[in-house]
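Report on the structure given below.
The values are calculated or read from the model by the stated rules, or taken from the named source; none is laboratory data. Owing to the predicted nature of the structure, the values given are computational and were not obtained by experimental measurement. Note: ideal-geometry Cβ built from the backbone for every residue, glycine included; neighbour counts use all protein chains shown.
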Amino acid sequence: MVIQLNQPEVPQRLHGVTLVDRHGLPRFWANVWALMALADHAELTRLRKLHHVERLYAYADDMLGAGALDDALADLDDARLGTILEGWFVSLRNQARPTASDQERWRAGLEFVVMVSTWVGQGMARDDRLVQLNARCLLCAGRVRRPPVGRLEQRL
């Protein structure tokens with residue numbers, strides 16, 4: 001859930017909206033992302049994006065257990081991340097009445113996963129897991145189409 005942090009014991013720099021799980025523990029990567037990527041955004045934009053990412057976290061928790069998304073991001077587990085993103089994409093597309101906010105929700109979640117996985121993968125020397133994860137994300141987003149099998153075989 002998204003909460004407002006403004007307690008006096010919390011450093012002033014960290015005041016603002018933050019994402020926590022159902023036990024009140026911070027969602028690690030969401031908060032890193034919010035501090036690094038959303039710092040220059042207006043408060044309402046940051047709040048809206050965090051709400052969208054919270055929906056992705058809730059989906060991952062329901063699908064694979066508590067903390068699944070943070071664990072998959074920390075491990076750069078492309079299979080789990082792909083499963084989470086593909087399932088979430090399908091669940092958004094299968095709404096009775098898809099809306100523009102569903103598309104916005106998808107874009108915010110995808111942006112979050114791609115950005116964090118890029119940060120996590122920066123220290124790796126040419127790691128194919130990052131390349132595969134980004135390819136899966138693009139497939140989910142519909143930006144890349146799989147080539148027909150016949151055409152691929154002809155190229156080989």
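Here are a few things to note about the model shown:
- Among the residues making up the stretch 76-85, those that are assigned to a helix (DSSP H, G or I), of a type in the set (A, V, I, L, M) and over 20 Å from Arg22 (Cα atoms) are Ala79, Leu81, Leu85.
- Helices (runs of 4 or more DSSP H) fully within the stretch 1-75 that include at least 2 residues being within 19 Å of Ser91 (Cβ to Cβ): 43-64, 68-75.
- Subset of the stretch 73-121 [closer than 13 Å to Trp29 by Cβ, of a type in the set (Phe, Trp, Tyr) and modelled with pLDDT of 90 or more]: Phe112
- Within the stretch 32-43, one or more residues are modelled with pLDDT of 90 or more and in contact with a Gly (Cβ under 9 Å, 6 or more places away or on another chain).
Residue-wise test of (1) buried (at least 20 other Cβ atoms within 10 Å of the Cβ); (2) of a type in the set (Asp, Glu); (3) more than 28 Å from Leu5 (Cα to Cα).
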residue: Ala37; (1), (2), (3): no, no, no
residue: Thr45; (1), (2), (3): no, no, no
residue: Gly67; (1), (2), (3): no, no, no
residue: Asp77; (1), (2), (3): no, yes, yes
residue: Leu85; (1), (2), (3): yes, no, yes
residue: Ser101; (1), (2), (3): no, no, no
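- Among the residues of the stretch 83-112, just one is among the hydrophobic types (A, V, I, L, M, F, W, C), under 14 Å from the mean Cα position of the chain (by Cα) and more than 22 Å from Leu47 (Cα to Cα), namely Ile84.
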